[in-house]
Each structure stands twice: as C-alpha cells, then as structure tokens.
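**Q** Dropping the structure in here first, questions after.
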Number of protein chains: 2
Amino acid sequence: MKASRKIAYLGPPGTFSQEAALRQFGEDGELLECRAIDEVFAAVETGQALHGVAPIENSTEGAVNNTQDCLIDSPLLITGEQVVLIEHHLLAAEGANSGQIHAIASHPQSLAQCRRWLLAHYPDAELRECASNGQAAQLAARESGLAAIAGAMAGRIHNLKPLAGSIQDQAGNRTRFAVLGREAAPATGHDKTSILVYAENRPGALFRVLEPFERLGISLSRLESRPSRDEKWEYIFFMDFAGHRQDSVVKELFRRLGTRTDAVKILGSYPVSA
Amino acid sequence: MKASRKIAYLGPPGTFSQEAALRQFGEDGELLECRAIDEVFAAVETGQALHGVAPIENSTEGAVNNTQDCLIDSPLLITGEQVVLIEHHLLAAEGANSGQIHAIASHPQSLAQCRRWLLAHYPDAELRECASNGQAAQLAARESGLAAIAGAMAGRIHNLKPLAGSIQDQAGNRTRFAVLGREAAPATGHDKTSILVYAENRPGALFRVLEPFERLGISLSRLESRPSRDEKWEYIFFMDFAGHRQDSVVKELFRRLGTRTDAVKILGSYPVSA
C-alpha cells in the first residue's frame, strides 16, 4: 500500500491554515480538509495524511488551546512552521465594480476588524454575518452586488477579484502555524526547538527552569505558561528556543533540565520560518 | 450629568463574555453590547460605560491578542477577573422534543467541538453553520425542528430549553475574562496583580526579570511572552502574580524590576476569581 502523501489542514477551504499548508508544501500537495484541530492531528496519527498544519499562536480560525492540548497528548512532532500575515481584502465576482456593491458578507470578527474602513467606504452597505470567510467568498461568487471580506486564498478558490486590499483597521497580525509529522526533521543549521516542561507550581520553579538557558546562552523565542488540567499543583510551560535537539549545547540543556523539572517533552526541532 | 453605569461586553448577546459580565455585576448591571474588543475598551475610556469585560485568555469569541494589544496601549486598569467554564448545550424552543429535531445550528467551531456527540445522537441531522452561537439560538427560537448548540446564556436570552447538557466532546475549557475600569480596585487581602514588562530580546533577559520574584518568594500564576510589534529587539512579557500593588513586598518587587527592565506597566491589582 502506498502511504498517503496528503496534507491535513484546518478548513473550510480558504482559511489561513490552507494558505500555510500551500506555502509549506507548494501547489502540488494534495490537501485534506479537517473541521477541527484534533481532526488534523488524528489524520496524521492514523496515516490518513503525511503531514498536518494547525495554528499554534493567536488565530481567529480555531482556539489555539486546542492545538496545545493536542500537542500535550499526541506522539506527533512539529517538523516546520509557517508565519502568515492575516490580511483581509474586499472581494467580488469578476465583472463587479465597486459602485454596485450593496451588501458585504464575512465572519463577524472580520467585519469588526474592518469596521472603520467599512464606515468610510461603504457606510450604507448591508453587512451579512457568515459562519466563515470561506462561506462569505462562496456567496460573493454567486450573488452580484455582494462582496466578501476574506483572505487572498479564499478569493483564489472562488475566482474573486479584489476591489480593495488590506482593509483591516489595524496592521495585519501574524499567525504562526505548526507543521506536524510522524518523523523528526533533520538539522539545517538554522533551527528552533519546541518543548513542553512540567514543573511544580511554586515560587521560583520557572526561575530554576530558565537558569540552564541563561548559563548556556540559549535564546528563548517564546514562553507561555499554562495550568495543567490534571494536576492543580503543576504548571506546563510551552517554550521555543534557538537550536536543534542534535546540537551538543541543546543536549546539555536537556541534561540540566532533567534534574530541575518533573518532565520535559520534546515537541520537535525544525527550520526557522523565513 | 450622571456618569454612565453601563457594562460594555463583547457581543453578540449570548456570548460567554456576557455571562462573565453578569457574574461580575449581577442581573442589575445595564449591559452595552460591543462588536469588537477595541470597542469594549473605547466605551470605557470615553465614559460611555463604567466597566468593560473582555476575554484575556484562550477564547473562540475574539482573538485574545486584540485584548493584549489594547492593554498595551490603553490607560484602563484591570479591576477584576471572571473564569467561565465554556460548556455547550443542545437547546430548542419550549415544546420541542428530541425526536423532532432534524437540523442543528451553531458556529462551525462549536459544531466541530461536539462532533462525536452529534454523530452518536443525531447522525442524520442537517448541520447548519451560523455566524455565532447567539445567531443559532435565535434560529432555534423561530424554527421548529431546529435545535442550536450554544451556551446557557444564549438559551436564557432566547427562552430555549436544554435537550442535552454539556455535549462538547472534551471537558469544557475555562476562559478567563478581564474586568476593565478607569479606577484601581482596593486591596482585599486575596489579590493578584497583572503587569507588562518590556525587556531586551537577548539570552538571559527573562531570567533577570524573574530573579526578583524568586528572591522575594512571589508566586507567578501566568507568564506569556510576545514579540513587540514596534521594536524587533524587544520582548513584552504579560505576567500575573500573587499580591496587591500596595503590598510592601510588591512595592519592593517593582523597585527591583526597575533596574532590570526597559519598562514596567502595571495593568492592575484585583481580587482573585473564586
């Protein structure tokens, strides 16, 4: 049996997760749409897909704590990352022109994020709330006089043209996506490593965890604490730092962390996103 | 002119933000619906509302990084917190019975979170994706044979009865909401303090920030790092710890942090949520 080469991503089509998947694997990757983050993990764990893509930092498409929960429990590794600029565009069917637009559809959060722009440019347009920006793009492809607020990917899928670009009121946020796989990524010389650290919930616990990073001169790029769901007295730290798990300095770091924490789970070493 | 007593919250009606607002201020509070997190902040800053309520940790209702961005820029203080258990129920109009339900409406994320339960109990039901769980509850109140997946608050607003409770596939997540105000909350003896710390982005910076906490025996309950949007070389840490800014040990902490960081912004001291 030929192993699946599919890439599982958090749908519906047109999401920024899909954009991250295409950036990582190119147009040749055969995509598998999932409707929840734990489905993305399950697809890769069971071999239905070779890789998965899920948001790992702030995202409006899926609660990131779902990804964190899955990482705690799953045997999968992080094998790459993609950072996507979250930009909203006003999109309409080919042939439409700006003056004809009387209704604008999008997810409520996206409408809110473009509120000031909409007031300035389409003060009289009817705003139609949709379940997702992909659904809004679908509507815009069918209904003349209706435009959608959505990302570039949704526009491409539904053959829409941009009437206006980058219309969100604040500069676009960047969302980080994790690429998931069953096998570790090789060292490239420009890697980072993600780990989970379990430590007692008492003053100074985190300080003792950080001491080896300080002594070894290892640079942390992310640190997030989360109360453990199971043990009230325990904390979980999500940490990213520069280096690959095969680097000797990182091996020394793990040796030192071993005596200062309850447990360390290596989530993966992978190339830093450009 | 009488100052407004309104409570601004992240709508639409039926959100968990509304539930957090009612828990904090009781049924007497007059609520002001906002459609975006920065609207909640603006309403309190301009005096249109006396207090605001916005999600500060993982939430599907609004991107929490919006709240963090607002906290960085706003003069408002955190004056309280509410922790809400995110539970989904199957809700239908009075008089409906489980056997008649042929369609189930909700936000796509909520449908995904209840997927296994839906497959087991309503394998043939049509799933209808809505812009919000509040919109789904509204549909359920109008359309017989249609049930909504939503929180208890949405059910109360639209006079729906629960056909099944707590149907999400995984144990409910807790989401933390911040209560915002223009005036500092007094010490109660059981308080926590939230701060922002700006520090250089180099190995050991966080270690030096944490050292005074360790020496003074102050317990951190949350720590999250975020790259600064303005300065590539700078990091922002969101930190919560036990104690009130008027406690002498906390004053000593701030004195020591002053020499070790680029800046510290006190977001507020407030009673710990039960």
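Any read-out appearing in this document is the output of simple, stated calculations on the displayed coordinates, not a laboratory observation. Given the structure is predicted, the values throughout are model-derived calculations rather than measurements. Positions of Cβ are backbone-derived with ideal geometry, glycine not excepted, and every protein chain shown enters the neighbour counts.
**Q** Please find, in a Gaussian network model of chain A (springs between Cα atoms separated by less than 10 Å), the residue of A:Leu77, A:Leu210, A:Leu85 whose mean-square fluctuation is greatest.
**A** A:Leu210
**Q** Can you tell me, using C-alpha contacts under 8 Å and at least 6 residues apart, the relative contact order of the stretch A:24-130 as a whole percent? Provide the component values of the computation, followed by the final result.
**A** On the way: 64 pairs, mean separation 20.6, N = 107.
Relative contact order here is 19 percent.
**Q** Ranked by Cβ crowding within 10 angstrom, fewest neighbours first, how are B:Cys114, B:Cys70 ordered?
**A** Numbers: B:Cys114 26, B:Cys70 22.
By the 10 Å Cβ count, ascending, the order reads B:Cys70, B:Cys114.
**Q** Here's something else I'd like to know. How do A:His158, B:His107 rank when sorted from fewest to most other Cβ atoms within 10 Å of their own Cβ?
**A** A:His158, B:His107
**Q** A further question on this structure: Between rounded, prolate and oblate, where does the stretch A:100-201 land on the alpha carbon gyration tensor, with a ≥ b ≥ c its root eigenvalues, rounded for a/c under 1.5, else prolate if a/b exceeds b/c?
**A** Prolate.
**Q** Select from the stretch A:27-119 those GluC sites (Glu not before Pro) which occupy a DSSP coil region and have at most 16 other Cβ atoms within 10 Å, ordered by residue number. Walk me through the numbers before you get to the answer.
**A** On the way: sites: A:Glu27, A:Glu30, A:Glu33, A:Glu39, A:Glu45, A:Glu57, A:Glu61, A:Glu81, A:Glu87, A:Glu94; in loops: A:Glu27, A:Glu30, A:Glu57, A:Glu61, A:Glu87, A:Glu94.
Loop-located and lightly packed - A:Glu27, A:Glu30, A:Glu87, A:Glu94.
**Q** For the protein assembly as shown, give the share of DSSP beta bridges that are antiparallel, in percent and rounded to the nearest 5; count only bridges with both residues there.
**A** 75
**Q** What aspartates and glutamates sit close enough to A:Lys192 to cross-link, taking a C-alpha to C-alpha distance under 17 Å and skipping anything fewer than 8 places away on the same chain?
**A** The qualifying aspartates and glutamates are A:Glu57, A:Glu81, A:Glu183, A:Glu214, A:Glu224, A:Asp240, A:Asp247, A:Glu252.
**Q** If each DSSP helix of 4+ residues adds -39,500 (n - 2.57) and the sum is divided by the residues in chain B, what number results at 222 nm, nearest 500 deg cm²/dmol?
**A** Working: 9 runs with 81 residues, N = 274.
After summing the helix terms and dividing by the residues of chain B, the value is -8500 deg cm²/dmol.
**Q** With both partners inside the stretch B:89-164, how many of the DSSP beta bridges are antiparallel, as a percent to the nearest 5?
**A** Here the share of antiparallel DSSP bridges comes out near 50 percent.
**Q** By DSSP, what percent of the beta bridges with both residues in chain A are antiparallel, rounded to the nearest 5? Working shown, then result.
**A** Values: 44 of 58 bridges.
About 75 percent, rounded to the nearest 5.
**Q** What range in chain A is the longest one free of trypsin sites (Lys or Arg not before Pro) that are in a loop by DSSP and have at most 12 other Cβ atoms within 10 angstrom?
**A** Formally, the longest exposed-site-free interval is A:6-231.
**Q** Listing B:Ile72, B:Ile218, A:Ile104 from the residue with the fewest other Cβ atoms within 10 Å to the one with the most, what is the order?
**A** In order of increasing Cβ crowding within 10 Å: B:Ile72, B:Ile218, A:Ile104.
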